[in-house]
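Written below as structure tokens is the structure these notes are about.
Coordinate-derived values only; no laboratory data. Everything quoted here is computed from the prediction, not taken from an experiment. Cβ sites come from the backbone with ideal geometry, for glycine too, and all protein chains shown count toward neighbours.
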Amino acid sequence: MAVDPAVLKATVDVLLNEDTRNNIIMIIVIVVTVVFFLLAICAYILLNPLESLKVYFSNEDQVLVEEIKSKYPNNIIMGNITKNGIFCFPLENTESTVITADYGMYDPWNSGVLTKHTGIDLSGVHRDKVLAVYDGIIVFAGSQNSYGNCIEIKHEIDGIEIYTFYAHLSSINVSIEQEVKQGQVIGIEGGDPFIDPNPGNSTGHHLHFEVRTSKDYGNDVDPKEYIYKD
Ligand SMILES: [Zn+2]
């Protein structure tokens, strides 16, 4: 293909202009720098396990608690909790107890308005013994608005802090700052609005059980992932 001499001359003239040359060099430097950083980011992602990256994008407490979950895995069937979690079952009677309200979004009044259930409701023997699911220290023992009589325990597992919460109790057997052992009786199940004292917002007897990544309401995770049933 023949090159038009006029076009060739114009191109040479442009390249000989110093300002134009400097601009071209500047653009090349910028492009090379951007490509270098993109390659460096790709290399970082490939060389680092995804687990470590997760820390940057999610709640740190949540990630730590996920560690416990992966170390003590569980198999769950609604209403039939199976085995191998780190926490023992929070009620003494494991035979007839079933999950009557699962963790997650639900419509408690069939009103079309979804709300989050921050724990699971376990229902079996009325006034069953409520057990500490793991060694820990009582951080709350008293009454809360919709939960009635309730208890919260702080645990430390493999250096990771995790909290469990037990609500709608007909009686409380522990006090704040008391140390408890796994399987120890901490209270008595309740929540029957006609028979039990201080049932809170409950339509029938059951234990509302939560697992939290930190002490306050709203830091819940699915408790089914952590408990086992003999
Ligand atoms: Zn509940």
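Quick notes on this structure:
- Debye, to nearest 20: dipole size of region 60-225, +1 on Lys, Arg Cβ, -1 on Asp, Glu Cβ: 260 debye
- Sequence of Lys224, Lys9 once ranked by neighbouring C-beta atoms within 10 Å, starting from the fewest: Lys9, Lys224
- ³J(HN,Hα), Karplus 6.51/-1.76/1.60, whole Hz, each residue of region 106-114, x for Gly, Pro: 8, 10, x, 10, 6, 9, x, 9, 7
- Rounded FRET efficiency, nearest 0.05, which uses the C-beta distance separating Asn201 from Asp135 and R0 of 35 Å: 0.70
- In Hz, Karplus ³J(HN,Hα) per residue of region 187-195 (6.51, -1.76, 1.60; θ = phi - 60°; x = Gly, Pro): x, 10, 4, x, x, 6, x, 9, 10
- Region 103-230 shape via C-alpha gyration tensor axes, a/c threshold 1.5: oblate
- Inter-label distance for Asp13 and Ile27, nm, one decimal - labels placed 7 Å from Cα along Cα-to-Cβ: 1.9 nm
- The ranking of Val180, Val7, Val133, Val98 by Cβ neighbour count inside 10 Å, starting from the fewest, reads Val7, Val98, Val180, Val133.
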